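Shown next, in structure tokens, is the structure this report addresses.
Just so it is clear, none of the values below were taken in a lab; they were calculated from the coordinates. As the structure is a computational prediction, the values presented were derived from the model and not from experiment. Glycine gets a Cβ as well: all are built from the backbone with ideal geometry, and neighbour counts include every protein chain shown.
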Amino acid sequence: MAAKDIWDYHVATGCPLGRAEELLSAMSPDLRERVLLAIKQKGDGWLLVDPIETDAILAGKVREAADEASRAADVAGRHRLGRCHFVWAMQKKILAERYGITWFSPADMNPAVFFD
């Protein structure tokens with residue numbers, strides 16, 4: 001892993017350099033590649049977003065899977081803490097099984113952030 005990657009992650013996330021290196025090192029190569037691409041494409045938000053969410057070809061499928069996963073959470077009565085993790089797990093499963101798409105959730109993309 002390049003020192004520039006660690007620096008870029010540090011700047012994008014605000015993590016101390018040592019923690020940035022630790023987090024990047026712990027990521028699978030696929031996730032690390034996606035995170036570094038997200039940093040290059042980073043908009044105004046403070047969270048890193050999987051770049052496939054803005055890809056012209058894949059974005060629609062990601063949104064459809066998110067909507068379907070949200071409806072499944074409603075049916076399952078998941079309305080409080082932990083709902084986002086339920087939705088993201090379902091969304092990831094739908095995308096992988098139905099379309100062969102690997103999608104990384106906000107929790108995957110932002111390992112230093114705690115989500116309810």
- Query: Between residue 59 and residue 89, what FRET efficiency comes out of the Förster formula 1/(1 + (r/R0)^6) with R0 = 25 Å and r the beta carbon distance, rounded to 0.05?
  - Reply: 0.80
- For the chain the mean separation of alpha carbon contacts under 8 Å (6+ apart) over residue count, i.e. relative contact order in percent, is 23 percent
- Taking K and R as +1 and D and E as -1, what net charge do the other residues with C-beta under 14 Å from the C-beta of residue 30 add up to? 0
- Item | For region 46-116, fraction of C-alpha pairs farther apart than 17 Å, in % | 42 percent
- Message: Using just the Cα positions, wrap region 3-109 in a convex hull and report its mean projected area in square nanometres, one decimal place.
- Response: 7.5 nm²
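Can you give the FRET efficiency to the nearest 0.05 for residue 67 and residue 30, using r as the Cβ-Cβ distance and R₀ = 30 Å?
Values: r = 25 Å, r/R0 = 0.83.
Computed FRET efficiency for residue 67 and residue 30 comes out at 0.75.
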- Query: How many angstrom separate the Cα center of region 75-102 from the Cα center of region 27-45?
  - Reply: 21 Å
